[in-house]
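Below is one structure, written out as structure tokens; comments come after it.
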Amino acid sequence: MRIIPVSLFIIIGIIISVSGSYASVLYTTPAMFPPPDKIIAPWSQNAKGPGEEVFREAVNEFKKGEYSLALDKFESLLINHPNSESSSIASLYAGSIYYWMAVKEEKKDMRMLMNGLKSFQHGIRTHPAKEKANVPVMLLEIGKIYIDLNLIAEAKGSFNRIIQEFPSSGFAAKGEYMLVLIHMKEGNYNDALSVLNVLAVKYDGEMEKERVFVTGEIFLALHEFGDSKRFYDEGIRKWPAYVKGNPKILLNYSECQFQNGEIPSARAGFFTLFNLYPKDKHAGFALKRAGETFALDQKMPVAEKIYLDVITFFPKSNDAWSSMLALGDLKLKSKSADTFNDDSLKYYKDVETLSGNDVLVARARYKTAGVLEKHGKYQQALSIYLDIIGHPDKSLNDEISQLLTDIIDKIGMQIEDRLGRSDRLGALKLYQTYYKNNLTHVRNEDLLMKMAVMHESINLHNDAFMIYENIIKRNGSRTEQALFKSGKLYARTGDERKSVDMLERYITEYPKGVNVSEARALAGEGHNNLKEYEKASNHFYAVIRDAPNQYPYVNIRLAAILQNTGQYQESADVLRDMLRGIQKNQDVDLFSQGYVSLGNSYYGMTRYQDAIDAYRSGLIKGDLKEGSETVEYMIGDCLLRLDRTDEARKIFTRLSSGTNKLVKQVSEERLKDITSAAEDVRM
């Protein structure tokens, strides 16, 4: 047994005096220590027939604890007398030895487990009739091996067979209990509790001790510490010596007290476990927890001393590494801490580089990042947080996520400052460094909108789309604006399909939004470009209805669609409404386009003089550039249809020497037609 420092005995003497409730019963009761590590086998010690003498020798070696020698003799019986009674019973002893060797010191030797399984299966097949009582015992052992081999379905089958074939024996209760352990192994705690209730009612007190303590363990795993402690209190009241002699139960009970805030009682329990079982696998954790109780009571020197003892007594254990992390935290909080917290960083670095435990390494790096952040080294801290975000440790992941958000907020203030000083380059640099790959951690949606607009203004469209998409996914206060702006930007960049999808989503989700009419106008334009004319018309009509004269180009687009389907009167009505509505604004280009389109409507209705008047108004109102020759050609065509041949000839003659090749060609053809018609008249 380890030599325990005197300081810990003094501490224990102080603490035990304040323990309360059933804990006082626990600490004044002698411990019922578990028996020495020895195999307890219920198998027969006598066998008749071939191999009887060797069997007797093997059993004697087994009783003396000479398990390797005993196993050799039992195995020889299996080889030399395979069909004998001694061989059948020997297989059971061999199975017990193999299983003991497989799980000794909590190892799980797969080869030994398989040998044990084969031995028990041989025993099941060959057991003598007089040994039938051993069948449920064998099935229990087989089920346990299946569990250790992680063959859960097979294990359940073995235990269910006991329950079904031996319902009135005490083994049925043990089978139910083993099913509870399987449910716990699978994390099905509710199923485990249901079976425990069956155990209590159906078997009238059988396995009562196990039921009480396992129920407490389940509630502890579920973090229902109050309910857990209630069952442990019951167990302590009924079997205090057993509890004190069972390190795991003692640890669980103390942990319940710790989690329930019963710090002095928990401390006493942890110290008791450590002093009674200094070599137990839970001893290091118990001592570390005791240190944590002093840290909670702000008794930092005592806590530090205990953490150092954990490192000394349990070197290179996870408890030692965890104590190093705790020491780093103590140094970080200490008023006498060095300026740059080098002491804390050293402890964290040692855990990171020496522990080899992924969870503890991540925790050490996380704490290192916290020190860096404390000293304003945001980029270094952020780099560490980003590297370990997504770690399987959920509590750590949640903490990192929150800290990432906090750092991003601080950087956001720097971006806002640069934007306020019109330093777009500085703001962009900060965004690219900290924000671009961490948008989910940015809480400030207003700042995100500013950054999206800034990226859009300098033609970094992909970045702008990425920001808009992030805002949209949040479904927050800026989603409406982001939907509209992304749809509008898609239209600007020529992605008509994404544009109409985004804009129509905006229209659907925000039917009374301030930008609905503009969204409809843009969506109509997109559908028009996609040659989806019916959808385009629906949007254009809605814009004309809801926002008359605000988007005049919509009337022109709609008129063109109507003209293509021969609805010339309707197109003319749409255009006249537009021309009347925009007179006040004096939009020269729209006037020009509107009158030319109106001329096309009149032309379709064979109202050629009205068409001429409209075309000429279009030429007068604006600069059509290359389109002007086309309009003049239409005027000439209308004149020709009105038999005003001389006027038409003058226009075609002028156009035949123009720059528009197509207009030049058709004008020459019209001149030939006029000449031919004149010759026909003379003849």
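The values are calculated or read from the model by the stated rules, or taken from the named source; none is laboratory data. Everything numeric in this text was worked out from a predicted model, so none of it was measured. Cβ coordinates were reconstructed from backbone atoms using ideal geometry, including for glycine residues, and neighbour counts include every protein chain displayed.
Kindly provide the set of residues from the stretch 66-90 that are small (Gly, Ala, Ser), buried (at least 18 other Cβ atoms within 10 Å of the Cβ) and out of contact with any Leu (no Cβ under 6 Å at 6 or more places or on another chain), ordered by number. Spell out the reasoning first.
Of all residues in the stretch 66-90, those small (Gly, Ala, Ser) come to 68, 70, 76, 84, 86-88, 90.
Narrowing further to those that are buried (at least 18 other Cβ atoms within 10 Å of the Cβ): 70, 84, 86-88, 90.
Correct list: 70, 84, 88.
Helices (runs of 4 or more DSSP H) wholly in the stretch 307-374 with at least 3 residues that are under 28 Å from the mean Cα position of the chain (by Cα) and surrounded by fewer than 21 Cβ atoms within 10 Å (Cβ to Cβ) - which ones? First the steps, then the outcome.
On the way: elements: 318-333, 342-354, 358-374.
Filter on the stretch 307-374 gives 358-374.
Output the number of the condition that residue 615 fails; it satisfies all remaining conditions of (1) more than 45 Å from the chain's Cα centre (by Cα); (2) touching a residue at least 24 places away in the same chain (Cβ under 8 Å).
Result: residue 615 fails condition (2) only.
Limited to the stretch 648-666, what total is found for residues that are surrounded by fewer than 15 Cβ atoms within 10 Å (Cβ to Cβ) and either assigned to a helix (DSSP H, G or I) or of a type in the set (Phe, Trp, Tyr) (or both)?
5
Just checking, how many residues over the stretch 123-136 are over 18 Å from residue 46 (Cα atoms) and either polar (S, T, N, Q) or in contact (Cβ under 8 Å) with a residue 24 or more places away in the chain (or both)?
Qualifying residue count, the stretch 123-136: 1.
For the stretch 51-65, which residues satisfy the criterion of being surrounded by 14 or more Cβ atoms within 10 Å (Cβ to Cβ) and closer than 13 Å to residue 96 by Cα?
59, 62
Answer yes or no as to whether residue 500 is closer than 14 Å to residue 551 by Cβ and of a type outside the set (Gly, Ala, Ser).
Numbers: closer than 14 Å to residue 551 by Cβ: no; of a type outside the set (Gly, Ala, Ser): yes.
Criteria not met by residue 500.
Does residue 271 satisfy being in a helix (DSSP H, G or I) and without any contact (Cβ under 8 Å) to a residue 60 or more places away in the chain?
Details: in a helix (DSSP H, G or I): yes; without any contact (Cβ under 8 Å) to a residue 60 or more places away in the chain: no.
Judged against the criteria, residue 271 is not a match.
Can you tell me which residue among 243, 302 is hydrophobic (A, V, I, L, M, F, W, C) and modelled with pLDDT under 90?
Numbers: 302 fails: modelled with pLDDT under 90.
Just a single option satisfies the conditions, and that option is 243.
Residues that are surrounded by fewer than 18 Cβ atoms within 10 Å (Cβ to Cβ), of a type outside the set (Phe, Trp, Tyr) and touching a residue at least 40 places away in the same chain (Cβ under 8 Å): which helices (runs of 4 or more DSSP H) entirely in the stretch 182-265 hold 1 or more of them? Reasoning before the result, please.
Details: elements: 189-202, 208-221, 225-238, 240-244, 247-259.
Hits in the stretch 182-265: 225-238, 240-244.
Filter the stretch 154-181 down to the residues that are surrounded by 15 or more Cβ atoms within 10 Å (Cβ to Cβ) and among the acidic types (Asp, Glu) and list them by number.
Answer for the stretch 154-181, where residues must be surrounded by 15 or more Cβ atoms within 10 Å (Cβ to Cβ) and among the acidic types (Asp, Glu): 154, 176.
Hey, residue 551 hits all of (1) surrounded by fewer than 22 Cβ atoms within 10 Å (Cβ to Cβ); (2) within 23 Å of residue 632 (Cα to Cα); (3) among the aromatic types (Phe, Trp, Tyr) but one; which does it fall short on?
All conditions pass for residue 551, except number (2).
What's the total number of residues in the stretch 582-615 that are surrounded by fewer than 16 Cβ atoms within 10 Å (Cβ to Cβ), modelled with pLDDT under 95 and assigned to a helix (DSSP H, G or I)?
Final tally of qualifying residues: 2.
Across the stretch 104-144, which residue is surrounded by the most Cβ atoms within 10 Å (Cβ to Cβ) among those that are in a helix (DSSP H, G or I) and of a type in the set (Asp, Glu)? Outline the logic, then answer.
Going residue by residue through the stretch 104-144, those that are in a helix (DSSP H, G or I) are 104-106, 110-126, 129-144.
Now restrict to residues that are of a type in the set (Asp, Glu): 105-106, 131, 141.
Details: 105: 6, 106: 6, 131: 19, 141: 22.
Among those that are in a helix (DSSP H, G or I) and of a type in the set (Asp, Glu), it is 141.
Looking at this structure, is residue 535 surrounded by fewer than 20 Cβ atoms within 10 Å (Cβ to Cβ), without any contact (Cβ under 8 Å) to a residue 60 or more places away in the chain, in a helix (DSSP H, G or I) and touching a His at 6+ places or on another chain (Cβ under 7 Å)?
Considered against the rule, which asks whether it is surrounded by fewer than 20 Cβ atoms within 10 Å (Cβ to Cβ), without any contact (Cβ under 8 Å) to a residue 60 or more places away in the chain, in a helix (DSSP H, G or I) and touching a His at 6+ places or on another chain (Cβ under 7 Å), residue 535 comes out as yes.
Mind checking which pairs have a first residue in the stretch 276-295 that is touching a residue at least 40 places away in the same chain (Cβ under 8 Å) and surrounded by fewer than 23 Cβ atoms within 10 Å (Cβ to Cβ) and a second that is hydrophobic (A, V, I, L, M, F, W, C) and not in a helix (DSSP H, G or I), Cβ under 9 Å, 6 or more apart or different chains?
Here the result reads 276/31; 276/33; 278/1; 278/4; 279/1, each pair linking the stretch 276-295 to a residue that is hydrophobic (A, V, I, L, M, F, W, C) and not in a helix (DSSP H, G or I).
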